[in-house]
1. Please rank GLU532, GLU162, fewest neighbouring Cβ atoms within 10 Å first, as an exposure proxy.
2. Give the long-range amide H neighbours of LEU989: residues separated by 5 or more places, or on another chain, with amide H under 5 Å away, using H modelled in the peptide plane at 1.01 Å from N.
3. Kindly give Rg over Rh for segment 304-380, based on alpha-carbon atoms, with the Kirkwood expression for the hydrodynamic radius.
4. Tell me, what is the FRET efficiency for ASP454 and THR802 to the nearest 0.05, using R0 = 30 angstrom and their Cβ-Cβ distance as r?
5. Out of every Cα-Cα pair in segment 553-682, what percent are more than 27 Å apart?
6. Going down the table (LYS159/LYS263; LYS28/LYS109; LYS25/LYS387; LYS52/LYS105; LYS177/LYS828; LYS862/LYS945), which pairs top 25 Å between alpha carbons?
7. Using Cβ counts within 10 Å as a stand-in for footprinting exposure, how do CYS598, CYS223, CYS837 rank, fewest first?
8. Apply the Karplus curve 6.51 cos²θ - 1.76 cosθ + 1.60, θ = phi - 60°, to the phi angles in segment 330-346 and return the couplings in whole Hz, x for Gly and Pro.
Amino acid sequence: MGNAQSWSPSTGPSPDPASLSEEIKDLKALRQDLRKQIEQAEASNGLSETQKLLLRDSKEVYLNVEDVLDEWEYEQLLRAKIEGGSPNMTADPELWDRMADQIRKVKRKLEKVSVHGMMIHGEGDVRQRSQPVGRAPSSSLLGDDHDHKVRIVHYLVHKCPEDVTVFPILGLGLAGKTTLARAVYNDPQVKEHFSTGWASSGGDSDPKALLRCVIEALTSTACPFKELEQILQTLRGSVKDKRLFLVLDDLHPQHLRDWDLLKDSVFSSCSKRSVVVVTTRDRKVAEKVKTIQSPLYLEFKLSDDECWGLFKRYASDGNHPVMEDLREKVVEQCQGLPLAAKLLGISFRHHRGDKIDWADDCMDWVIEENIRPVLKSSYLELAPRLKPCLLYSSLFPQGYQFSKEQMVRLWMAQGLVEPPPKRETPWKRRRLDQEDEGLQNFDELVSGSFIIQDPEDWTQYSIPKLIWDLLNDISGEEEYVRRADMCDPLCKCRHLLLNPKDGSFRLDPDSFFDSPGLRSLIFMPRIKLRLEILDQDLSSLKRLRSLDLSNTSVTTLPESVGGLKHLRFLALNHTGITELPESVSKLYNLQVLELKNCYWLEKLPSGLGNLVNLRYLDTGDDRPRVNMPKGIQKLVNLQRLAGLDLQKGKELCGLRELKALSKLTELGVSGLCNLVDSEDAKEASMQDKKSLKVLKLNWCSDDDDAAAKSEQFKGTDYEKFYNLRDETDAGDNQTAHEGHPVVEEHLSAWIPGDYSDTLSGVADEDEDKNFTESAEEDISGLGSILRVVGAEQLLEALKPYTNIEELELRTLPCLHFPGWIGDPSFSKLITVVLEDCACEALPPLGQLPQLEFLSIDGTPVKAVDASFCKGLGSRAAAAFPNLLMLTFYNMRKWEIWDGVEKGDFPMLKELRLFNCPELRSLPESGSGFPSLLVLEIDRCRGLSKIPCLPSLTSLELCRCDSLTSIPSLGSLSSLTVVDCRSLGSVPPLERLVSLWVEECERLSPIAASSFLHTSSAERPKKLLVAYGGQLVY
């Protein structure tokens, strides 16, 4: 650390208070030097135990420096608030003395670790991924990769076009990209027809590094030149008039800066039909460099069946008698990793002892000796900015699923995401903010398979078991701790996750005395946790940056929470919190405040506007009425404001206060009915919010369900509600939450039990009266007409910028939807939800090119016609070209659906209709829906027929009283028919694998059995046929 000589810790900072800012500036520079030193040490191989201890000390000092700088920023914000302007930091002698003392102490520590830095780098080599120049190591292919190799070689040798071909091999970490490229490179046919070269790019970000690497690969000698023009001239000479086969292994996004130079030099000088093979983990790189139609993608994540099949292929020529007993262990260890399945299979085949003992004798050894080193190698090759992010993610239990956004917010709270550079770069024209940088880090970890996406829920991610085990070894047992109790001391713990086994927990401050540097405290209870926090309990957690008390019984926070100067992340989801103390308004560094499903919460602190660094104020989508105080216009960094409920009252927030919130990406506003003047909507400056992606507008102050929910919870004892108290009433066996159906929806996350999905119950006709009547029934009289006119003007004033991707409009009293809905300029719209609006016609949405999800609920329209598909202006193409899911709910007056032409809805996969009692028919089969897979119809009593849909695989019919027959559906594999009283004709269904028929009066058991007269080899795997209350099949 070169700057370490510019100060003397023995004398401390200058006694002149005016120099305090300079001292802070120097400290920031020293922190950056120390960070680089730590990154270099972490990239080294073979650190001794002494070096590891020195590295740990360096990290500790780095965090101390970060805390001092963080406190300085906090004090500036505090004094700016007190003084009402720019803070005069030197006017406070007490602050000066305290900060000067902290700087003096931390600089002494910095001086020590600057010496230690030389000791850390004295041994061990910084790991660089490289391949021998001019050739690739020989390697044999495993499994189906051989087929890829044969096809690639045949294409390159015999079908290669005249121009230079760039052939990307894209895949996640350990998918076998390099192995496949080596096999192609070493093929005799390739050697015969091409002049070959192999260059491994590694992680070097030097703009000329890739060019030098290629020269060395082609000439087998080191490139001595440093000037760009000399390098390019040498490169052109080395490829001139050669039919080249060049492998660029492990290309990263930063290498795209050099790609145009490389392409111009190589492509213009080598002979025709030359080939460049690029291996990469990044899809953007593959798309940028390719000349073929699409890259070859090697799948990383195998299903359990595929993984087991791959293991068996390498384990034995036939089915070994003990193999099936190993399935569960093998699948659990592999976690879908092809390399693991292959290596474990080979180990089983060559095991010379009793095969029964193989799992106990060899499995762990194979993982430790063959698989773990490969994973660790990949980890060491990660960019320095990614390693701490990945290590922090491993704090959560193995198999825990998390969302991308929340994990990135936790990273940011810990300072693991550096702010992006402000300068523009040729390979990325625009950087947004710190969170964009964090999301990019997350995507890179997904690309490298360190984090994997849930195939069934794409919003959820987890860390594979093998990676998680590796990260736990790397992080050690001191820094990242998971505990069920606080019996043992924490020592050097910085991040603590508590998942108590019991239903109650006392936060004891004495337990944290040995760990004053604790930066994360996250509760993850197995069941709803009774948690007690007293005012003094937070006093020893001064360095805390993340506090998550979700799913606990917390009803209040102590005032001492305001003393957590460094706190950036506060989550109180699913708690009984009734109000937040005013001291929360002093958390000037707070970035995230999560309050989802806090049904007892009625108001937020009046000083909420002081939280100038707040980025996310998340009260959830399903919330009771929460009053928003004035002053949110100060929250200029706010990105998510999902629960703004406009109320009448001078002390509450209005729509005008949104004007300064230009960084909003998601906005939800209810209570538009309480606005007196449409000028308030204009003052919100919606057109200036170019980052806005999600907009949700609700005319009512809150929907009936949420309003009833808020009233229902008033005066309810939270702990009694969730049976958290010890006392019980022996004479009353009912659970405390009975009579609260809204919250019961969420209890599956809190209370053990069986909450399996079931088909909607078959109810009496009187149940239809329970459905909410449409909003148009309130529109009558002069006052209502004036309200409608005002609403239309207001909604026109709330027209957003055209970047939005998701739009929800609820309870609009207008006769017409706003004119901007359906405008082709909103070409990025992906999701549209229209609910309980009084509009007499649907908006023209058919020509929105990116629309994928459309839900319409409770509108009083009588006809859906060609205007719905046409869009504004002339019809240019097929309607709804990218729509995947379409739902109509509670359309009680809807009678006619026409205007659908051939080719419309070309991508539609799922269509659902619920409680549309007057609808008589669907569009004919020849007019659209060529790709429809799922059709669900419930309570559509007037529907008399269903069109023939050749692609349909799943059909559900419930309470369709007028339906008499089902057409021949050749692709149908799943059929559910419940309470269709007129249904009497059913054709044979040849591909049926799942069948449920119940309470269809005219469908006799004999007719029902015709479902089973299929040409398939076996009967449906899931079969239920009930008649007259009796199970027939």
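1. If I rank by nearby Cβ atoms, fewest first, I get GLU162, GLU532.
2. Residues meeting the amide H criterion: HIS1013.
3. So for segment 304-380, dividing Rg by the Kirkwood Rh gives 0.96.
4. 0.40
5. 13
6. Beyond 25 Å: LYS25/LYS387; LYS177/LYS828.
7. Ascending Cβ contact count within 10 Å gives the list CYS223, CYS598, CYS837.
8. 5, 4, 5, 6, 6, 6, x, 8, x, 4, 5, 4, 5, 5, 5, x, 5
Readers should treat all values here as calculations from the given coordinates under stated rules, not as data from a laboratory. Bear in mind that the values here come from a model prediction, so they are computed numbers and not experimental data. Here the Cβ is made from the backbone with ideal geometry for all residues, glycine too, and neighbour counts use every protein chain on show.
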